[in-house]
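Here's the structure we're looking at; comments come further down.
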Amino acid sequence: MTDGARAATRTGPPPREAETHCPYCALQCGMVLRDTDGRIEVRPRDFPTNRGGLCQKGWTAAELLDHPDRLTTPLVRDPAGELRPASWDVALDRIADGLRTVQRAHGRDAVAVFGGGGLTNEKAYALGKFARVALRTRHIDYNGRWCMSSAAAAGLRAFGVDRGLPFPLTDLGRTGTLLLVGANPAETMPPLMRHLTDQRARGGRLIVVDPRLTATARQADLHLQPLPGTDLAVANALLHIALTEGLIDREYVATRTEGFDAVRRTVAGYWPAEVERLSGVPVADLEETARALGTADSAVILTARGAEQHAKGVDTVSAYVNLALALGLPGRPHSGYGCLTGQGNGQGGREHGQKADQLPGYRKIDDPVARAHVAGVWGIDPAALPGPGVPAYQLLDSLGTPDGPRALLVFGSNPVVSAPRAARVESRLRDLDLLVVADFLRSETAELADVVLPVAQWAEEDGTMTNLEGRVLRRRALREPPPGVRTDLAVLAGLADRLADTPGAPDRFPTDPRTVFAELRRASAGGVADYAGVTWDRIESTDGVFWPCPDPDGPDTPRLFADTFPTPSGRARFHAVQHRPAAEEVCADYPLHFTTGRVLAQYQSGAQTRRVAALHRAAPHGFVELHPDLAARLGIAEGDEVRVASRRGELRAPARLSPTIRPDTVFAPFHWPGAARANSVTNDAVDPVSGMPEFKICAVRVERA
Ligand code: SF4
């Protein structure tokens, strides 16, 4: 049928369109959704981050809106252990009764909340407020701990602020040398590569640090392939060389930073030849990298999960921040340090109170001034605000134990697949008195729940997201949620209503996202992440608004650090950091390094993307990638079922042989549950500062299954 014939015969409502953004990663690619008689089309739109591009995940995102697995009624577990359909009143009453029972018996902190980096700013804000005001528990954290918390901590201690990129993404296209450390945007954020293509077309150099010859590394001018867990030593060696060769920006160091002497003394011991022995990166490559960074007119250093997901992730990021500061990059045109945030709202999700130690506006929950401000907005006594909780893994690992929470509410997360040492986390979840999951699909975590609440998807809700640049964007609804489905905000309001022990408490949890955002603006006013001047109208009249933006009539802040840093002295702070071994080293029983990551066609725990037909066809199952030399030594052929065992558990998946990985390292993507669950193997050691787990390295044994 031609378009003309279709238009002539169509009898349904007129097509509707919504300009919005992809539901998945932090690039937040611009897209247009069009609803023609219930058939949803996705097409890309030109936005500064994606410049008209989408990856396969974005193109197919609408398929989940009407997916047969879509949850459209609450489910409540019956006495026989089956999840059965129930009315909203029955489900919410069951939750409220359960929460009250647990808190009466074990105290306020016996209830915990676990959020997600995909929730809108309004939902993340409301969830933090719900935990502190309605539940009055200190236990809330979110899966953003898995994503970028080490870069956040390192950024805070160096710059006094954590904004993933302190400059617009378009600056990458204009920088002279770009060093990507543990980042693989060609597979995780393909449209970002357009900026890198620009950069190289202008004569810039791309250098990639990654233990695997990834799709991104293949496009690089130089690929450094260190042993997993040695990125910190590589950074210190680069700074050692920069010092030796006189590449340091001495004026910048003297006038804009503090603490360099201790770093200079530390890196003096990182002789390139020794770092080559430790990391496997040749001295010549280290020298070439240091010179490319130190002699370019402009340069950017970016880290991502490969450098950050370690028990020394904060120090590793600090080592690269030190290098950037010593070269005088932060605040200079088309230059600086940044982190490539992963999840869609990983940035906004960590700014507005989902984190165990934070209040909205990136305020610290143990700061009396911050507590007084936020309590004033929430209409409560500051003394009623709980104190800091514990980071995500510590929280999950304490569930159901004598001193831990006995009830958990999960919003927008699937820790059964995505948490480290996942079998242990699964066991902890099973030990709870009450597990509640709000999701739009029956994720692996929902399968364990006592109550499952069906909630709206991205194309069915309005709100805001903050992308990897700190740019606040509008998510626009295309259509109403299906009958039986509620928004997360409505779920929180319904629960607050039932839990209220003071008159008027339910009014504190509005369900209209615009109203919630207006309150968020007030709560964030004066904080580090100040959204007071960000209005929905302003976002809609521009390509988003960069925080901090304290005044509706004043400018926003696309670029930070041009004149000063938001530290007490106005200077950036160096931190001397030392390489140390991974939490678990190889040994005779577990002689190989294991590392995890993502593939192009899947996203995070895969609960969504595994259900999209085209993505499933492209990446139908997990695999174990190993070097042909290692495979030959172990008697493993392409496609053989392989068993990867660590001290914590094992995974089984087909072997995929590739000369692009080091012969001493094996890799598995973490998107699949069951036997192929990579996180059955990973280590739950965490960074002592950020609480980020060491997903990126542990010791394993590999054999044919
Ligand atoms: S790169 Fe990220 S935001 Fe863009 S379409 Fe793909 S998943 Fe969506």
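The values are calculated or read from the model by the stated rules, or taken from the named source; none is laboratory data. Small disclaimer: the values here were computed from a predicted structure and weren't measured. Here Cβ is always computed from backbone atoms with ideal geometry, including for glycine, and neighbour counts include all displayed protein chains. The area values use the complete protein model at the heavy-atom level, side chains included, leaving out ligands, DNA and RNA. Shrake-Rupley method; radii C 1.70, N 1.55, O 1.52, S 1.80 Å.
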What residues qualify as long-range amide H neighbours of LEU359, i.e. H under 5 Å apart, gap of 5 or more or another chain, H built at 1.01 Å from N? LYS364, ILE365
Karplus-derived HN-Hα couplings along region 533-544 (A = 6.51, B = -1.76, C = 1.60, θ = phi - 60°), whole Hz, x at Gly and Pro: x, 8, 10, 4, 4, 5, 4, 5, 8, 9, 8, x
In nanometres, what is the gap between the two model label sites at ALA637 and THR542, each 7 Å from Cα along Cα-to-Cβ? 6.1 nm
Using mean Cβ contacts within 10 Å as the protection proxy, how do 318-325, 133-140 order, highest first? 318-325, 133-140
Rounded to whole Å², per residue accessible area for region 139-241 with a 1.4 Å probe reads 21 Å²
Please give the peptides 524-533, 231-240, 616-625 ranked by average Cβ packing (other Cβ atoms within 10 Å per residue), highest first, as a rough proxy for protection. 231-240, 524-533, 616-625
If packing is taken as the average number of other Cβ atoms within 10 Å across a peptide's residues, how do 181-189, 396-404, 685-693 rank, most packed first? 181-189, 685-693, 396-404
With only Lys, Arg, Asp and Glu charged, each at its Cβ (+1 for the first two, -1 for the last two), find how big the charge dipole of the chain is about the Cα centre; round to the nearest 20 debye. 200 debye
Would you work out the relative contact order for the chain, in percent, from Cα pairs under 8 angstrom that are 6 or more residues apart? 19 percent
Cα centroid of region 82-121 to Cα centroid of region 126-168, whole Å: 23 Å
Going by amide H atoms built from the backbone, whose H comes under 5 Å of the H on THR257, apart from near neighbours? ALA572
How large, in percent, is the carbon and sulfur part of the accessible surface of the chain at a probe radius of 1.4 Å? 49 percent
Percent of C-alpha pairs per 10 Å bin, region 319-404, short to long: 15, 28, 31, 20, 6, 0
Keeping all protein chains in place, calculate the accessible area per residue for region 49-129 (probe 1.4 angstrom), answer in Å². 38 Å²
With the 8 Å Cα cutoff and a minimum separation of six or more residues, region 328-393 has a relative contact order in percent of 21 percent
Name the residues whose placed amide hydrogens come within less than 5 Å of the amide hydrogen of ILE661, ignoring near sequence neighbours (fewer than 5 apart) on the same chain. LEU213
If you bin every alpha carbon distance in the chain into 10 Å steps from zero, what whole percent lands in each bin? 3, 15, 26, 27, 19, 8, 2, 0
Projecting each Cα onto the charge dipole of region 30-81 (Lys/Arg +1, Asp/Glu -1 at the beta carbon, about the Cα centre), which of VAL76, ALA61, THR36 comes out farthest on the positive side? ALA61
Could you sort out which of LYS364/LYS696; LYS312/LYS355; LYS57/LYS129; LYS129/LYS355; LYS129/LYS312; LYS129/LYS696 sit more than 23 Å apart by Cα distance in this structure? LYS364/LYS696; LYS57/LYS129; LYS129/LYS312; LYS129/LYS696
Can you tell me the equivalent ellipsoid semi-axes for region 275-422? Use √(5λ) from the Cα gyration tensor, largest first, whole Å. 38, 22, 13
Could you work out the per residue convex hull volume over the alpha carbons of region 84-186, in cubic angstrom? 192 Å³
Around GLU641, under 9 Å between beta carbons, what's the net of Lys plus Arg minus Asp minus Glu among the other residues? +2
